[in-house]
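Report on one structure; see the data block that follows.
The values are calculated or read from the model by the stated rules, or taken from the named source; none is laboratory data. Nothing here was measured: the structure is a model prediction, and the numbers come from that model. Here the Cβ positions follow ideal geometry from the backbone for every residue, glycine too, while neighbour counts run over all protein chains shown. Quick note on the areas: whole protein, heavy atoms, side chains included, nothing else; ligands and nucleic acids left out. Shrake-Rupley method; radii C 1.70, N 1.55, O 1.52, S 1.80 Å.
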Amino acid sequence: MFALLALARKHGDAVDKRNGEPCPETCVFVPVDFGRPWSEVFYGPRLGKTMRFIHTSDWQLGKPFGNAPPDARAALQEARLDAIGSIALAARRDGATIVLVAGDVFDSVEPGDRVFRQALLRMRDASDLSWFLLPGNHDPARADGLWTRLVRDAPTNVIACLEPRPIAIGEQAWLLPAPLQFKRALEDPTEWFTTAATPPGALRLGLAHGSIQDFGSRDAQSNFIPPDRAGRSGLDYLALGDWHGRLRVDAWTYYSGTPEPDDFGNGNRGLVLSVDVHGSTVPQVSDVAVGRHVWLAADWQTFPEFDIAAKLDGLTAGLERSSVVARIKLRGLVSLAGRVQLRDHLEAEFAHEVRWLQLDLKDLHGRPTDEDLSGIHAEGFLSEVAHRLSRMAAGPDAEGRRAAAALERLYVEHLRTQRLGSS
Amino acid sequence: MHIRRLTIENFRKFRERIDLAGFSDGLNLICEGNEFGKSTLLEAMRAVLFERHSSRNDRIRSFRPYGEEVAPSVAIDFTLNGESWHLEKRFLQAPTAVLVGPGYRATNEEAEDKLQTLLGFGRAGNRGADDDSRGTFGLLWVEQGQSFVMGTPGPIARRTLEGVLAAEIGAVTEGRQSEAIVRAIQASFAELMTPTGRPTRRLAEAQANLERAEAVANQALRDLAEYESCLGQLETARNAYRQIVAALSNAAEASQLAVLNADIERARAAANSLRTAQLLCQQATQLRERLSGDLKRRRDLRDAVQSAEARVANATAEHGGHQALSETARSTERETAEALEQNRRLATEAEANLTLCRALLAQQRHARALAAAFRRLDQVDSISGEIEAVRRGVDGRTVSEEQLLRLQHLEQEAHDARTAAAAGAALLAIELETEPGDVTVNGELAPRSSFHEVVETKVVNVAGIGTITVSPAQGVAAAHSRVVATQQIVDAMLRQLGFASTDEARSVTSAQREAAKDLQLLRSRLDAASPPDPVLGIAEGPDALRTFLSTADRHAIEELAREPDAAIGAAEQVWRDARQALAEAEDRHRHSMAARQQSELSDVRLAAAVEGARSELNRLAATLTSEADAPSDDELIASLAEAETAEARAIVDRNEVQRSAQGLDETALVSRRDELVSQRERLKTEQFDRATEIAKLEERAQTRGAEGPASRAVEADEQLQAARVACEQLRGEAEVLRLLTSTIADVQQDTARRYVGPITKRLEKYLERILPAARVGFSDDYRPHLIARNGQEEFTEDLSKGTQEQIAVLTRLALAEILAERGQPVSIVLDDALVFADDHRFETMLDILEEAATRVQIIVLSCRTSAYGTFNAQRIQISTGSGATAAGEGRALVSQ
């Protein structure tokens, strides 16, 4: 412990030197108590200190959704901005006045004035809350960029954490932010937490953005944060961002996930975490749903009795379909009539019910049955056309697939004409 | 279908009601003259069946007789599958349609629809019915002037036809919706791509979108890069600015400046001290150098005097030694000079002798030439003598060649006259026996016995006796007088020429010619003997020779010429030897003279050396003497020692000062200070520039940032991907539709090929009779487009109009037969057809029509009464007015 103390002093000097400010009284020696987190030994006991705040991250305001249809794009973009209001509501409901945003507030280093102004406006409107914003890998704190303007234009209840320097939150807590200066940094941005001096007994809250493991990103080694950072640096809570789904790393370390989902596969719902930090016990973390859209992905194998309507009902059970973004992939071998029926159902009905449907029928193969062709048979030479295409469709190559598609098209046109004729 | 009766009223030119009745099941002929309105009849039939009664389009209006506001009305009776139908239509005013059949009556739209179903045609369009909407009737009812055109069956006719053909060949017929399906597919394909694969509307638009998206994405990337670069520049500028501020506020630099200024002052003082010490040092050195120089000079002078004395002695000795050598050289030179003189004399003599010899030789040669000339002169003289002799021997008289010929001619003439006189002359023979005296004949004394030709009167006088005169005959006398006259001319000529006779003249002339030849020869010889003599300078010719030699003394010359040649060879040898000896003597003399001159020069040089050494010695001795007043050597040495000590002190002092001034280089210090000052100035300027730059960049960063370049770049990229996917999807769809349309086209083609079989079979049955052994080929749209005869194929449009028309009519017959056999309502109307047929074909076509009419009702409209005279057809009479119908029925048209 003495060695640790000496180390702390040394690093305290370093902090002093680095920040150019006098270091607060850094450490108080407390008799060793191995039953408590050693941080209390080092940074003082937090007995009686409590705090409630909202932990959120990865707003990615201004995400363009360029590949979505225009109306869906507009709705998805607007929903991200609306998330600010939802978070404010959630905070008030929970009686929290602090919102910690753990990075990627904006989707890019420069999302443009509209998004920028809208974001500030909405946070200003929630003037009863303090918003602590951290630059992430999507919106690193580049000099003279977005954050410089934000610092200049932000209302007083919006605090941009642009430097690795402890920030006092009220009288009981100090926030240790780990802002990213670059998209990718090889050093651990939270390294300084360990040596960050806070008044003895004050709550130490870490705020960082990065990965504690390979989340499948292309560059897992950058912005790397040790999973035991909270323990190492005596944090009472470490609010992390980057991972878009909620994730508990340990009792003191959480990823909140994004409040408004923007992709498939990170859990269904957009959440924020309502965190209660109670002195020396583990923090109480509860999920608060705030997201509007639900991103659902399904990959279904068809079978003879496959009921698409039932499947879709199951998929969207309890959800408003207008808030659903769905990606549906169907596989299998069906009759032409079956394929057309499935596609009709999905494209002509479901696609219009949901916000945005991404449909993949590449692997749903339509094999014409005699029944399929019987209708076309009545059309004289078209029957011959159907037979020829059917023969060609047997090939496994691109030509075969094209012939299958042509056959389906013929079938569809046949059905359509039939419908027109009968109507 | 069989038309039974047609009634028309207020229809174009038929204002009055007309009625056509009595149509048979087979062949019907309506034969009327031009302008009657046959084509209007066909139009009326089409109107009642296919035009909608309620239409008011231009065509319907055209049914009205010109300038009348009446209601065109048409009624038609027909049977179909054994059932009788009556149809009436009234157009424009209170338009109505009534269809009455077995147990059926319908009006207006219902009637129209029923009619369509009954006859299988389509609803007329807004602009009226056309061949397409008329179905098979459009194909089989041929209007005037169109009989040679075999049109493409419209969709309705085609469907009917294909249905029938499919039944015929046992195929499945095309469904009712096929056409709509194909149309829809083709329309969809046309929305995406042309048959050649060129993108159209939707696909083209998607491609354009893709290109736009690419452009936008590129622009967004550029914008972002520019924004990033702007931020980078800003960062760089800020760093630079911070550095400048730090540098300007650096306290160390100010104190460095003060130190530098103090150092500069110190350096200046040290430099002054150094200059003084260096001056003193220089003075001491100069004194020391002067004194040591004096001492050295004095010692050198003494050495010089000694060495000058030695040089004088040496030079004197050398000069003395050289006298003997000079003497030898001089005597040698004298000797060689004498020898040279001797040789020169000898050479002169030899040369004189040689010249003499040469002159003598020249004289001798001249004399010999002269002697030869004299010999040639002798020859010339001799030849001249001969010439003179010849000249002298030649008669001086001259006769020319013409004169000689004239003489000869005259003589000949005289001779001829004489001969003629002698031939006729009497011969007077005188023979005297006695000696009577002298006998004279014509006064001339004649011998006693003589003969005389009497060519002239001869008077013989015998002395004494008397005279006898004999006169010649007349002719003889004349001849004789000619003789005499001629002889006189001859004589006169001879006298003139100086000859006695012609012979003389002849001989003289001959002699003269000989002499001339001789003279010629002699003159040649004379020329040869007196050639030009270049040696002596004598011109050609004997006179020149003679003149040249006239003054010469021949004797002396010949004497001289006879003397032997002078001894020139020996004289030349002597002269050459003398020359050689002279050259050698000259050489020797030159050498000895050079040696003497050399010796004399050396002598002078040695004497001068002696003199020089002596004068140098004198000068040095004088200098040495003049030093008497100067300080003594010892004094000088003492002074030098003192000066050396003073110099050493001065050097030590100077070095001391130099050491203290070291590191105080004023120039360097000043330049460093100036540099420092100007650097601060530069930094201040740069600070200002940087501040301006930062302000500009900040402004730019803010403006650009406000546009959201990063989000825009991401968005543009995502939109580009989406556009790419959309474009690919459409392309895929287009390819699918292309495959579908091409497959449809292939199948349609194949089907059409199968379908034409039955038509071909029927057509060729008829065609055989006008084009034996011809085969017909149908296109996919059921038009006969190819005729094969005798192994050769022709396009039908290349055939004659007549043949085209016949094939078109026969094809209609074939189609009508097929349709009729399958229970389709058909009939054939030919308005003014077969106009291009020749008589034989016309007859054949009529036969075929008669035959076909056993299966299909045919109505022929024609204006050619006589052509159809033998035509076995029902002739339809047209009756006008209410009481003139063929059927005798006069009911009003269209019951109101």
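Shown is the FRET efficiency for residue B:300 and residue B:352, computed with R0 = 60 Å from the Cβ-Cβ distance and rounded to the nearest 0.05: 0.25. Computed over chain A with a Gaussian network model linking Cα atoms closer than 10 Å, the most mobile of A:401, A:292, A:269 is A:401. Taking 41 Å as R0, compute the FRET efficiency from the Cβ-Cβ separation of residue B:543 and residue B:429 and round it to 0.05. Working from the Cβ atoms, E equals 0.05. By DSSP, what percent of the beta bridges with both residues in segment A:232-338 are antiparallel, rounded to the nearest 5? Of those bridges, close to 45 percent are antiparallel.
Ordering A:365, B:785 from largest to smallest accessible area (1.4 angstrom probe), what's the sequence?
Ranked from most to least accessible, the order is A:365, B:785.
For chain B, adding -39500 (n - 2.57) for each run of n ≥ 4 DSSP H residues and dividing by the number of residues yields -23000 deg cm²/dmol at 222 nm. Surface listing: A:381, A:224 arranged by accessible area from highest to lowest gives A:224, A:381, probe 1.4 Å. Globularity index of segment B:435-550 is 2.25 (Cα radius of gyration / 2.2 N^0.38 Å, N = number of residues).
Distance between Cα centroids, segment B:1-78 to segment A:99-135: provide it in whole Å. Rounded to whole Å, the Cα centres lie 86 Å apart.
Our summary gives segment B:85-165 a relative contact order of 18 percent, counting only alpha carbon pairs under 8 angstrom and 6 or more residues apart.
Using 0.36 nm per residue and subtracting the Cα-Cα separation, the extra length available between residue B:792 and residue B:699 on full extension is 24.7 nm. Each residue of segment B:478-487 is assigned a 3J(HN,Hα), and the resulting list reads 4, 5, 5, 5, 5, 4, 4, 4, 4, 4 Hz, derived from the Karplus form 6.51 cos²θ - 1.76 cosθ + 1.60 (θ = phi - 60°), x at Gly and Pro. Net length available on complete extension from residue B:535 to residue B:648 is 29.6 nm, with 0.36 nm assigned per residue and the Cα-Cα distance removed. Each Lys or Arg adds one and each Asp or Glu takes one away; over the other residues whose Cβ falls under 14 Å from the Cβ of residue B:310, this sums to -1.
Taken one residue at a time, the phi angles of segment B:609-621 give Karplus couplings (6.51, -1.76, 1.60, θ = phi - 60°) of 4, 4, 5, x, 4, 5, 5, 4, 4, 5, 5, 4, 4 Hz. Gly and Pro are set to x.
Comparing A:255, A:237, A:411 in a Gaussian network model of chain A, where Cα atoms under 10 Å apart are tied by springs, the biggest mean-square fluctuation is seen for A:411.
Pull up all non-local amide H partners of residue B:459: gap of 5 or more, or a different chain, and H-to-H distance under 5 Å with H placed in the peptide plane. Those lying under 5 Å, H to H, from residue B:459 are B:442, B:470. For chain B, the relative contact order comes to 27 percent (Cα pairs under 8 Å, sequence separation of at least 6).
Checked against a 20 Å cut-off, the cross-linked pairs A:329/A:362; B:761/B:801; A:63/B:696; B:89/B:114 give Cα-Cα distances beyond that limit for B:761/B:801; A:63/B:696. Taken over the C-alpha atoms, the protein assembly as shown has Rg and Dmax values of 79.5, 243 angstrom.
Each 10 Å bin from zero holds the following percent of Cα-Cα pairs in chain A: 4, 19, 24, 18, 12, 10, 7, 4, 2, 0.
For the options A:374, A:233, A:274, a Gaussian network treatment of chain A with springs between C-alpha atoms closer than 10 Å singles out A:374 as fluctuating the most.
Under conditions of 4 °C and 1.567 mPa s, chain B yields 25 µm² s⁻¹ as its translational diffusion coefficient, taking Rh as the Kirkwood radius over Cα pairs in the Stokes-Einstein equation. Which percent, to the nearest 5, of DSSP beta bridges fully inside chain A are antiparallel? That works out to approximately 30 percent antiparallel.
One Cα centroid belongs to segment B:795-809, the other to segment A:271-327; the line between them spans 79 Å. Alpha carbon centre of segment A:347-366 versus segment B:181-229: separation in Å? Cα centres, segment A:347-366 to segment B:181-229: 23 Å. Here the sum of -39500 (n - 2.57) over DSSP H runs of 4 or more residues, divided by the residues of chain A, equals -10000 deg cm²/dmol at 222 nm, to the nearest 500. Mean projected area of the convex hull spanned by the Cα atoms of segment A:59-105, taken over all viewing directions: 3.6 nm².
Within segment B:194-287, the proportion of Cα pairs with more than 19 Å between them is 76 percent.
Measuring how big segment B:29-144 is from its alpha-carbon positions, Rg and Dmax come out at 14.1, 42 Å. The Stokes-Einstein estimate for segment B:251-396, based on a Kirkwood radius over Cα pairs and taken at 4 °C with 1.567 mPa s viscosity, is a diffusion coefficient of 44 µm²/s. Volume per residue for segment B:85-168 equals 133 cubic angstrom (convex hull of Cα atoms).
On the beta carbon distance between residue B:272 and residue B:691, with R0 = 35 Å, the FRET formula returns roughly 0.15. Given +1 at the Cβ of Lys and Arg, -1 at the Cβ of Asp and Glu and no other charges, the dipole of the protein assembly as shown around its Cα centre is 5120 debye to the nearest 20.
All C-alpha to C-alpha distances of segment B:318-463, sorted into 5 Å bins beginning at zero, yield P(r) values of 2, 6, 6, 6, 5, 5, 5, 5, 5, 4, 4, 4, 3, 3, 3, 3, 3, 3, 3, 3, 2, 2, 2, 2, 2, 2, 2, 2, 2, 1, 1, 1, 0 percent in whole numbers. Looking at the P(r) of segment B:595-699, how many percent of alpha-carbon pairs lie beyond 16 Å? The answer is 82 percent, as a whole percent.
When chains A and B come together, the accessible area they lose, probed at 1.4 Å and totalled over both chains, is close to 3600 Å².
Residue by residue, segment B:778-784 carries 3J(HN,Hα) couplings of 9, 7, 4, 9, 6, 10, x Hz when phi is fed to the Karplus relation 6.51 cos²θ - 1.76 cosθ + 1.60 (θ = phi - 60°); x denotes Gly or Pro.
Basic side chains Lys and Arg get +1 at the Cβ, acidic Asp and Glu get -1 at the Cβ, and with that the dipole of chain A about its Cα centre reaches some 480 debye.
Spherically averaged projected area of the convex hull of Cα atoms, segment B:474-539: 6.6 nm².
Run the numbers on chain A and let me know its relative contact order in percent, using alpha-carbon pairs under 8 Å that are six or more apart.
Across chain A, relative contact order equals 14 percent.
Taking every DSSP bridge with both residues inside the protein assembly as shown, close to 55 percent are antiparallel. Here segment B:638-723 is treated with +1 on each Lys and Arg Cβ and -1 on each Asp and Glu Cβ, and its dipole about the Cα centre works out to around 220 debye.
How big is segment B:755-839 by the Kirkwood estimate over distinct Cα pairs, in Å?
13.4
Distant-in-sequence amide contacts of residue A:201, defined by a placed amide H-H separation under 5 Å and a gap of 5 or more residues or a different chain, comprise A:44. Model label points for residue B:211 and residue A:151, set 7 angstrom from Cα along the Cα-to-Cβ axis, are 4.7 nm apart. Inverting the pair-averaged 1/r between distinct Cα atoms of segment B:647-780 gives 26.9 Å as its Kirkwood hydrodynamic radius.
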